[in-house]
Amino acid sequence: MDTLSSTFLPKLHFKYILSPIPLSPPPTSPLPQPNSLNISSVRIEDKPKTSSSTTTTTTSRRAAPQPLKKQTPPTPTPTPTVQQTNTRKRPTEPLSLPTTIFNVIDGFINTFVDPPLRPSVDPRYVLSDNFAPVDELPPTLCQVVEGSLPTSLNGAYIRNGPNPQFLPRGPYHLFDGDGMLHSIRISDGKATLCSRYVKTYKYTVENKNGFSVVPNVFSGFNGLTASAARGALAAARMVAGQFNPVNGIGLANTSLALIGGKLYALGESDLPYEVKVAENGDIFTEGRNDFDGKLFMSMTAHPKIDLDTKEAFAFRYGPMPPFLTFFRFNADGTKQPDVPIFSMTSPSFLHDFAITKKYAIFPEIQIGMNPMEMMAGGSPVGANPGKVPRLGVIPRYAKDESEMKWFDVPGFNIIHAINGWDEDDGDTIVLVAPNILSVEHTLERMDLIHASVEKVKIDLKTGMVSRHPVSTRNLDFAVINPAYVGKKNKYVYAAVGDPMPKISGVVKLDVSVSDCDRCDCIVANRLYGEGCFGGEPFFVAKEPNNPNADEDDGYVVSYVHNEKTGESRFLVMDAKSPNLDIVAAVKLPRRVPYGFHGLFVRENDLNKL
């Protein structure tokens, strides 16, 4: 996700992690004790197929964490052509004196100065169930267990998400995990799964050292004392040459995008990392790209690609003015000049935006960066209930912010945008997005958040804003047919929160229905079944180059995990059917952890990478 997708997780069942280090008995209190987290590394394995099923209860009161128990590795799947390998490098030489001192200080901070006292940053809660990390998986053949894979799906579905290469030694937030790409390469009805880390600078440095070096952004600065301690330690590591932040500290763990014919893994705290998918399904990281020095520091993980013009529109945001900077890339990937936006009143948490054929739409919401609360021991991002949310509209080819217009939309807080388009010859703008209710729970209690999809209309001449709900169900991670980005669309495919971040199914919305009678516009749905949870759906058109094809003529795909059996599958659903009927189900050789956003890249685009 994104950066604000999954923060508060279900009760702990740390079933997937094996530890070579004996641990102390679990505390009787729901809050972890510092000495139970004094772990330097772990080995990750899949859940044994013979293990008994468990029930996950969603309540506000958490059960006490259980100790990490060593488990028997699962029986190897007969279809793989290669074996899974463990990429976590261990130092082969004794640690230097400075490194030893730094690690002792790090352990002291995590044990006595800032232990993980809140469940939202306790790794034994955050990395529970299918959020637990896995090792890399080389290209491995999969078994189609239901139906058959359509030939129009030749290509690769790639899903990004956080997957820490080392078990955290202190506070850990889900967004702090190293980016891992889970790709299922489909060719002539056969499927190959591959899971690889994005080889970011941070990942490479830490993999070489054999332990974490770069401090966690979301969970490493809880309070003034902890921030000062970890900041001083990071500075000492930099002076000692253990890492150089100039080379980037990002994780590339949120999404993917095709820009200028190249495939990038994205995370909004760093530059894009170019990746390639080989013919055999393997994934390679080509490196960090600053677009000939024109891209500064970072960019959004949610660029918008206009498939008619092949342009990519993007932005970056930060805690210092200008809080927002808008820019775009030409069809060949050439970055155009920045357009700084100084009229944003505060450093709002700006994770996503929308485009139309004429405009770009930016939300300024009640959730923003909160340095004062962070110094007091709270989260670096918090809610300001006194702030009135706004939508900013700027021509998408603007040279500067002189044409930027802001419109108050009280109570409208969006993290993800679904789509936008122009009406009335450009005099009216329409935006469809999930509105986050109870924003005060955004970081600490995701299970208490409800997102209601709404349609907002802005009359640019009169300044009038109207809005109404499209569906009252708890929905997020919504996608459309990519060919309709920036154009009026009819259908939306959204994930069902049960509650978030667990996703129990997918629904199809007809957003044109509510224009007439204001009814809930769900027209199709599929629930995955008891104990089964998926991720963000993605729409793949059957005939992407056919201008006469129906908007919903295609497939909805997603990874789905069964927490009772430990098995993961790749599902292909018929987007036109009233029940989103399963066209094909692929049994995966090992589980795929829950993650954020994905992308389907067609065979001809893969061949051009």
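The values are calculated or read from the model by the stated rules, or taken from the named source; none is laboratory data. These figures come from a predicted structure and were not determined experimentally. With ideal geometry, Cβ positions are generated from the backbone for all residues, glycine too; neighbour counts draw on all protein chains shown. With ligands, DNA and RNA removed, areas are computed over all heavy atoms of the protein, side chains included. Shrake-Rupley method; radii C 1.70, N 1.55, O 1.52, S 1.80 Å.
If you take the residues of region 148-176 that are hydrophobic (A, V, I, L, M, F, W, C) and more than 14 Å from the chain's Cα centre (by Cα), which of them is modelled with the lowest pLDDT?
Among them, the one singled out is Leu167.
I'd like to know if region 349-357 contains one or more residues that are at pLDDT below 95, under 20 Å from Phe412 (Cα atoms), open to solvent by 20 Å² or more (accessible area, probe 1.4 Å) and not in a strand (DSSP E or B).
no
With respect to the numbered conditions (1) touching a Lys or Arg at 6+ places or on another chain (Cβ under 8 Å); (2) without any contact (Cβ under 8 Å) to a residue 40 or more places away in the chain, which one is the sole condition not fulfilled by Ile522?
(2)
Just the residues that are in a helix (DSSP H, G or I) and open to solvent by 20 Å² or more (accessible area, probe 1.4 Å), please, taken from region 107-123.
Gly107, Phe108, Thr111, Phe112, Val113, Pro119
Can you tell me which residues in region 470-519 are among the polar types (S, T, N, Q) and touching a Gly at 6+ places or on another chain (Cβ under 6 Å)? Spell out how you get there, then give the answer.
Step one: list which residues in region 470-519 are among the polar types (S, T, N, Q), which gives 471-472, 474, 481, 489, 504, 512, 514.
Hit for region 470-519 is Asn474, nothing else.
So, in region 455-479, exactly how many residues are free of Cβ contacts under 8 Å to residues at least 40 places away in the same chain and closer than 25 Å to Gly426 by Cβ?
Of the residues in region 455-479, 6 are free of Cβ contacts under 8 Å to residues at least 40 places away in the same chain and closer than 25 Å to Gly426 by Cβ.
Quick check on Leu571: is it crowded, with 23+ Cβ neighbours inside 10 Å and closer than 14 Å to Cys532 by Cα?
Yes; evaluated as a whole, the condition is true for this residue.
Considering region 395-448 alone, what residues qualify as being under 19 Å from Phe323 (Cβ atoms) and small (Gly, Ala, Ser)?
Selection gives Ala398, Ser402, Ala417.
I'm trying to understand the selection: among the residues of region 499-515, which are under 19 Å from Val557 (Cα atoms) and in contact with a strand residue (DSSP E or B) (Cβ under 8 Å, 6 or more places away or on another chain)?
Lys502, Ile503, Ser504, Gly505, Val506, Val507, Lys508, Leu509, Asp510
Which residue is nearest to Ala417 (Cα to Cα), if the candidates are limited to region 499-539 and must be among the acidic types (Asp, Glu) and open to solvent by less than 30 Å² (accessible area, probe 1.4 Å)?
Glu536
Mind checking whether some residue in region 548-566 is farther than 21 Å from Leu475 by Cβ, in a strand (DSSP E or B) and in contact (Cβ under 8 Å) with a residue 60 or more places away in the chain?
Scanning region 548-566, I find no residue that is farther than 21 Å from Leu475 by Cβ, in a strand (DSSP E or B) and in contact (Cβ under 8 Å) with a residue 60 or more places away in the chain, so the answer is no.
Pull out all pairs, ordered by first then second residue, where Cβ-Cβ is under 6 Å, the residues are six or more apart or on different chains, the first lies in region 402-421 and is buried (at least 24 other Cβ atoms within 10 Å of the Cβ), and the second is part of a helix (DSSP H, G or I).
Listed pairs, sorted by first residue: Asn413/Val439.
Each row is one residue, and each column tells you yes or no for (1) at positive phi; (2) at pLDDT below 95; (3) part of a strand (DSSP E or B); (4) open to solvent by 50 Å² or more (accessible area, probe 1.4 Å).
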site: Thr300; (1), (2), (3), (4): no, no, no, no
site: Phe326; (1), (2), (3), (4): no, no, yes, no
site: Asp332; (1), (2), (3), (4): no, no, no, yes
site: Thr345; (1), (2), (3), (4): no, yes, no, yes
site: Ile361; (1), (2), (3), (4): no, no, yes, no
site: Gly378; (1), (2), (3), (4): no, yes, no, no
site: Pro385; (1), (2), (3), (4): no, yes, no, yes
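Only one of these is buried (at least 20 other Cβ atoms within 10 Å of the Cβ), of a type in the set (Ser, Thr, Tyr) and under 22 Å from the mean Cα position of the chain (by Cα): Thr200, Thr192. Name it.
Thr200
Which of the residues that make up region 215-231 are open to solvent by less than 20 Å² (accessible area, probe 1.4 Å) and under 20 Å from the mean Cα position of the chain (by Cα)?
Those that are open to solvent by less than 20 Å² (accessible area, probe 1.4 Å) and under 20 Å from the mean Cα position of the chain (by Cα): Ser219, Gly220.
Considering only region 183-210, how many residues are aliphatic (A, V, I, L, M), farther than 14 Å from Ala252 by Cβ and touching a residue at least 40 places away in the same chain (Cβ under 8 Å)?
3
Has region 233-256 got any residue that is within 21 Å of the chain's Cα centre (by Cα) and not in a loop (DSSP other than H, G, I, E, B)?
For region 233-256, residues within 21 Å of the chain's Cα centre (by Cα) and not in a loop (DSSP other than H, G, I, E, B): present.
Looking for whichever is closer than 27 Å to Tyr555 by Cβ and hydrophobic (A, V, I, L, M, F, W, C) here; the options are Val126, Val144. Which one fits?
Only one candidate passes the filter, namely Val144.
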